[in-house]
Amino acid sequence: MFRSVALAFCLSNFYNRRTYTLQAADFNPADKWTQHATRAIFFVGGFGAASWAPLVPLLRERLVVGEDVLGLLLLCIGVGSLLTMPLSGAAAVRLGCRRVLTFASISFALLLFLLSQVGEILLAIPVLLLFGAIMGCIDVVANVQAVIVEKASGRRLMSGMHALWSVGGFAGAGLFGVWVGWLGLTPALSTIIAAAIMTVVTLFFSRFLLPYGGDAGGKMLAMPKGIVAFVGIIACIAFLVEGAIMDWSGVFLTTVRGFDMSMAGTGFTVFSAAMLVMRLMGDKLVQKLGQKIIVLGGSMLAFMGFLAVIFTPVTWLLYVGFFAIGVGSANVVPVFFSLLGRQQDMPIGLAVPAVSTLGYLGILMGPAAIGVLAHATSLYAAFGLLAGLVALQLVIARHVYKKVL
């Protein structure tokens, strides 16, 4: 009896593996629904991250902690992401994008709900670490799938994929305000609704995700090398600039330019709107103008935008500067993620996590570096550093295109 059961289990396991192999071999990554599913996962990632932002002050109230302790708690998210990003590509290779993204997205929704309930600091620390780990995993594996899907389709899709992360961010932040501010729902109930939306979207589109995850060359992780290292530096600069604008543009407008506190967020709003619009249009622009013009021209435009923000005495030109930075920066990262599908220095399963990790380091380092430099000198000098980094990005991008094109 036991032998029969064991034999049946082995045959069933062999059949399931064989079926999975056939499905993976027969799966068409260029299918329209696979493209829609990839966009949906980017939306879920942005939606979840934005739904977390309004919970931060509520978490502080429940834990009764100061800004210093809260800052250390929020650092747990970054630490969690950095721990899983280098390994996420290998997980996608071994388990497939479908399994990893489905598990991670549903876990993301569950952890979001837990963060709306946690009331003890010893419990908050592991939950925040897991939340960051899952967020980093979604970021990496979604990009792995996007690179494979775009390469198979023969069309530019990456900018539109990244735009859906921004759309999810706008939707998550906006809907929380509607549910709590207009409808009078509690934050906990609003978070349950947000988690339910993430879960439903994930379950609906999961069957269209790729059952495989590229190649990692038999390795779990690797240091970026060749062109991938240069692309990683570009991603680090791009994300550093974005993080610095998000955290310091309001301080710059109020303390340096003398704006009222009610106008503190206008610079980042203009920057974010420009990035979203340009990413929605990015794929068509890249197809029409070419990726080299988009990246090099965009970097030059962002550099000029910083000069306008730093030196112009006219308010409307100041906003033109923020708009130019957003327009110029919008498609740099998507274009270079697309390029990872064409380089031969590293397998996709290792290249995407390496670049994503360096990019996330930029997000973590940016606000702190700007703060240290501003304290030592001034915010003018700090924003001048950002302009210099964008110029460096332009130089590195030219080098990359000489090697690849």
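No lab work stands behind these numbers, since they all come straight from the coordinates. These numbers were taken from a predicted model, which means no experiment stands behind them. Ideal geometry is used to build each Cβ from the backbone, glycine not excepted, and the neighbour counts take in all protein chains shown.
Some notes on this structure:
- Column: log10 I(q)/I(0), Debye, Cα scatterers of the chain, q = 0.09 Å⁻¹: -0.55
- Pairs beyond 28 Å (Cα-Cα), from 288/403; 151/292; 32/284; 151/225; 32/225: 32/225
- Computed extension gain for residue 377 through residue 200, at 0.36 nm per residue and net of the alpha carbon distance, reaches 58.8 nm.
- Between amide H atoms placed 1.01 Å from N, distances below 5 Å from residue 213 occur with 96, 97, all of them 5 or more places distant or on a separate chain.
- Angle between the chain longest axis and helix 158-177 axis [Cα atoms, degrees, rounded to 10]: 80
- Using θ = phi - 60° and Karplus 6.51 cos²θ - 1.76 cosθ + 1.60, couplings along region 141-150 (whole Hz; Gly, Pro as x): 6, 4, 6, 4, 4, 5, 4, 5, 5, 5
- Panel order for 115, 95, by other beta carbons found within 10 Å of each beta carbon, from fewest to most: 95, 115.
- Value of Rg to Rh for region 30-208, rounded to two decimals, is 0.99; Kirkwood radius and Rg both from alpha-carbon coordinates.
- For the chain, calculated [θ]222 nm from helices alone, where every DSSP H run of n ≥ 4 adds -39500 (n - 2.57): -28000 deg cm²/dmol
- The chain: angle of helix 67-95 to the longest principal axis, Cα-based, in degrees nearest 10: 40
- The ranking of 137, 76 by Cβ neighbour count inside 10 Å, starting from the fewest, reads 76, 137.
- Projected onto planes of every orientation and averaged, the convex hull of the alpha-carbon atoms in region 261-336 covers 5.0 nm².
- Cα gyration tensor category, rounded, prolate or oblate, for region 134-250 with a/c compared to 1.5: oblate
- Degrees, to the nearest 10: 32-52 long Cα axis against longest axis of the chain: 60
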